[in-house]
Amino acid sequence: IETISAAVDNVRRLMKNLTGIFQVHREDMGPADINLLVQRTLDILEPRWHAEANMTGKTIQIKRGIKAVPAVAGNEPDLQDAVLHLVLNAVEAMPNGGTVTVSTYSDKSHVILEVSDTGTGMSPEVLARCSEPFFTTKESDGTGMGLTIAQSVVQRCNGSIKIESEIGKGTRIIIRLPIWAEAASPKTVPTSPPVHAKHLSILMVDDDTMSRKTICECLNAIGHEATGAASGAEGLQCLRTKHFDVAIIDKAMPGMK
C-alpha cells in the first residue's frame, strides 16, 4: 500500500508538470530550500551509481559546490523532480563515466543552480531542440521529457534556464530562481481559457493487462468510450474497423517495430 501510495504521488506530480508545459500556473508556491533538495536528490541517486559502477565498470563522480543560499520561490516536490531529471540527464550523457558537478550560489535577487557534466555534449542542432517535449537522442532508452519537465518547473517558479553544450566538452545547465522575499507579491500570470470536456472514443493499446484494463475502466468511468487492444496487431485491426478520436499506445510491445 505504501508503494502504491508513493507511485500515485509521483504520477500526480508528473502529470502536474506535464500540464505545466502547456499552461503556466503558480500553485503551492512557497519558500523552498534548494540546497536541501539537491542534497536529498544526490543522496538518493548515489547508491544507484555505485551499483552500476560495480556491474559495468563505469564510474560516476559527483562534485558538490553547495554554498549557503536563501530560500527560493517554488514548490519543493516539483523542484526536486527538476533536479532529479537534470542530474539523471547529466549521468546518461556520460556513457563511459565521468563527473557531474552540482553547484548553488546566489546574487541579490536570485539563487543559481548549475548542473554540469563531462559527457559527450550536444551539437548545435540537438541543443536547439533538447527542451522540446518527447525529443530524445537515446532511441528506445529515453522519453525526451526530462529537460522539458525541468523547464516547466522553472517557468512556474518565474525563473529562467540556460543550456550550454559543445560536442566533446559536456553540458552545463544554469537555472536562476527568484529568492523567496522577491516573490512576496507574485506577478499576474495569464492562464489559458477553460477547456470544455468532450466525450471521446479512445483506443488503448498495451500488452500489460492490468494497465490496459485499469486505464480503460478509468476512461469509461468519466464518460469516454475506451476500447482495449492487447497487441500492436490487435490495435491496427481496431483502427481498420472503427474511428477513434485518440489512441494511447504503449511505446514498445513484442511483435512490433
Checklist entry - Ranked from the most accessible area to the least, with a 1.4 Å probe and all protein chains present, what is the order of W49, W180? => result W180, W49
Checklist outcome for this item: Total charge of the residues flanking K162 in space, meaning their Cβ is under 9 Å from its Cβ, with Lys and Arg +1 and Asp and Glu -1, is +1
Checklist entry - How much net charge surrounds A247 when only other residues with a Cβ under 14 Å from its Cβ are counted (Lys, Arg +1; Asp, Glu -1)? => result -1
Next on the checklist: Can you work out the Karplus-derived ³J(HN,Hα) for every residue in region 109-116? Use 6.51 cos²θ - 1.76 cosθ + 1.60 with θ = phi - 60°, whole Hz, and x for glycine or proline.
Outcome noted: 10, 9, 9, 10, 10, 10, 10, 10
Item to check | Label point at E46 placed 7 Å out along Cα→Cβ; residues across region 58-80 whose backbone nitrogen lies under 20 Å | outcome: 58-69, 80
Checklist entry - Residues with amide H under 5 Å of T99's amide H, sequence separation 5 or more or different chain, H placed in the peptide plane at 1.01 Å from N; which? => result Q61, T118
Next on the checklist: What are the ³J(HN,Hα) couplings of region 212-223, residue after residue, when phi is run through the Karplus curve with 6.51, -1.76, 1.60 and θ = phi - 60°? Round to Hz, x for glycine and proline.
Outcome noted: 4, 5, 5, 5, 4, 5, 5, 5, 5, 5, 9, x
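The values are calculated or read from the model by the stated rules, or taken from the named source; none is laboratory data. What you see is a predicted model, and the numbers here were worked out from it, not measured in a lab. So basically every Cβ, Gly included, is an ideal-geometry build from the backbone, and we count neighbours across all protein chains shown. Just the protein is used for accessible areas: all its heavy atoms, side chains included, with ligands, DNA and RNA removed. Shrake-Rupley method; radii C 1.70, N 1.55, O 1.52, S 1.80 Å.
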